[in-house]
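Please treat every number below as a calculation from the coordinates, not as lab data. All values reported here derive from a predicted model rather than from experimental measurement. Note that we place each Cβ from the backbone using ideal geometry, even for glycine, and neighbour counts take in every protein chain shown.
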Amino acid sequence: MKRAYNFNAGPTALPLAVLERAQKELTNFNNTGMSVMELSHRSKDYEDVHNRAKDLLKELMNIPDSYEVLFIQGGASLQFSMVPMNFLQSDKTAYYIETGAWSEKAIKEAKLFGKTNVIASSKEQNHNHIPKDYSLDHTAEDGAYLHITTNNTIFGTQWQDYPNSPIPLFADMSSDIMCKEIDVEKFSLIYAGAQKNLGPSGITVVIIKKDLLEQTPDNIPTMLKYNIHAKNNSLYNTPPTFAIYMLSLVLEWVKEQGGVKAIEETNRKKADFIYDAIDNSNGFYKGHAQEDSRSLMNITFTLRDEEITKKFLAEAKEKGFVGLGGHRSVGGCRASAYNSVPLESCTALASFMDEFRKANS
Ligand code: PMP
């Protein structure tokens, strides 16, 4: 059976080689006579998987020893609350830059726990760009942290250069973690749901500076304390063992591809094919994001009206393209070309876009 051209926004494609390896190991993992799902989370076999996933993340993202890597459940959405619960003290302010629906949700949760301040927003222009016109100087007075969403999954914008923040910089990287090389040391805390670039859903990766762990307050639920997860190597309770195993396989695959640098090069080619199809269409396709804010991961575009959009999506579906419908807040189409989406899916989409344009101009 032919694999779909999967452009889902997440969960999304996994590398075929990863799926095949998981299939091969499914009923007898590492000669244990059972699958990873059937192993005790306290067994050596499972612990090796768990620690391998952690070590690979550290290696591939070049994460210094001054950081802890945590695996937490509850999705990136739980991080929206865990972050202010752990770090927004009553005499401080949490600063946010609002660049899309997911940052709006993060802000909404933070407001439940303390003082927040949105210092820049792209909302007025339907989040078609990353704001540049703001000052961070005053945040040093009372700032607990500055929170950004590095890639805006729905709107298709992405931070190109991260802010130089005088206070700890926190980032939701759910939809672009490991899509390009970054300097982890710019950030004090990074979180990302795995289901786009790292593996299946069910696990959230948190990369946190160790010195922040001392700030965890006593009066919050145990499961929501970062220091508890850190002290227990993310094994305080039963972790989603199969999801972490799949994460380890995806990370092995990234390493085999040549690491994040090689993945980034391919991602740039992939996105270029699709953006070129937009830019060379004489306005037939219109990109939602301003050029200097374009995302490598989520490519958003509209067609002239709803009727032609429907036709585009119907014909695309017939040709095996999946997940191209845009989010209702932008309309039109969105192609999510995460790390595991092969180059050939993107060249096929670009060719289809050209053919469709010629047939319908
Ligand atoms: N942040 C971003 C940038 C996202 O794209 C998403 C999911 N699409 C979330 C947060 C929420 O993630 P989860 O479903 O894992 O809670």
Find which of Gln257, Asn267, Met246 sits farthest along the positive direction of the dipole of region 235-301, computed with +1 on the beta-carbon of Lys and Arg, -1 on that of Asp and Glu, about the Cα centre.
-> Met246
With Cα springs under 10 Å, the Gaussian network model of the chain assigns the largest mean-square fluctuation among Lys24, Lys209, Lys54 to Lys24
Lysine pairs meeting the criterion (Cα under 21 Å, 8 or more apart or interchain), as found in region 259-360 = 16
Residues of type aspartates and glutamates that Lys54 reaches as a straight line, Cα spacing below 14 Å, ignoring anything fewer than 8 places off in the same chain | Asp65, Glu68, Glu252
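Using 0.36 nm times the number of residues separating Lys108 and Asp137, minus their current alpha carbon distance, what extension gain do you get?
8.0 nm
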For region 253-361, what does the equivalent ellipsoid look like in terms of its semi-axes, each the square root of 5 times an eigenvalue of the Cα gyration tensor, given largest first in whole Å?
-> 25, 15, 13
Antiparallel bridge percentage (DSSP; both residues within region 16-256; nearest 5) | 45
So how do Val36, Val205 line up by other beta-carbon neighbours within 10 Å, fewest first?
-> Val36, Val205
From phi via Karplus (6.51, -1.76, 1.60), per-residue ³J(HN,Hα) for region 140-149 in Hz, x at Gly/Pro = 4, 5, 9, x, 7, 6, 10, 10, 10, 10
Residue among Leu296, Thr32, Val322 farthest towards the positive dipole end of the chain, charges placed on Cβ = Val322
When the chain is modelled as a GNM with alpha-carbon springs shorter than 10 Å, which of Ile177, Ile63, Ile190 fluctuates the most?
-> Ile63
Any idea what the dipole of region 129-178 comes to, in debye rounded to 20, about its Cα centre with Lys/Arg Cβ at +1 and Asp/Glu Cβ at -1?
-> 160
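Give, in whole angstrom and from largest to smallest, the semi-axes √(5λ) of the equivalent ellipsoid of the chain, with λ running over the eigenvalues of the Cα gyration tensor. Walk me through the numbers on the way to the answer.
On the way: eigenvalues 224, 163, 49 Å².
The answer is 33, 29, 16 Å, longest axis first.
How high is the relative contact order of the chain, given as a whole-number percent (alpha carbon pairs under 8 Å, six or more residues apart)? The partial results should precede the final answer.
Numbers: 676 pairs, mean separation 82.9, N = 361.
Over the chain, the number comes to 23 percent.
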Selected from Gly258, Gly332, Gly287 as most flexible by GNM, with the chain as the system and alpha-carbon contacts under 10 Å | Gly258
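Relative to the Cα centre, what is the charge dipole magnitude of region 16-256, using +1 at the beta carbon of each Lys and Arg, -1 at the beta carbon of each Asp and Glu, and rounding to the nearest 20 debye?
Numbers: 22 positive and 30 negative charges, 99 e Å.
I would put it at about 480 debye.
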Which distance in nm do the two modelled labels at Tyr162 and Ser35 give, with both placed 7 Å along the Cα-to-Cβ direction?
-> 3.7
Reachable aspartates and glutamates, given that their alpha-carbon falls under 15 Å from the alpha-carbon of Lys123 and they are not under 8 places away in the same chain = Glu98, Glu104, Asp133
Residues Leu16, Leu136, sorted so that the one with the fewest Cβ neighbours within 10 Å comes first = Leu16, Leu136
For Lys2, counting only aspartates and glutamates whose alpha-carbon sits under 14 Å away and dropping same-chain residues fewer than eight positions off, the answer is Glu318, Glu344
Of the candidates Thr99, Ile167, Gly283, the farthest towards the positive dipole end of the chain (Lys/Arg Cβ +1, Asp/Glu Cβ -1, centred on the Cα centre) is Gly283
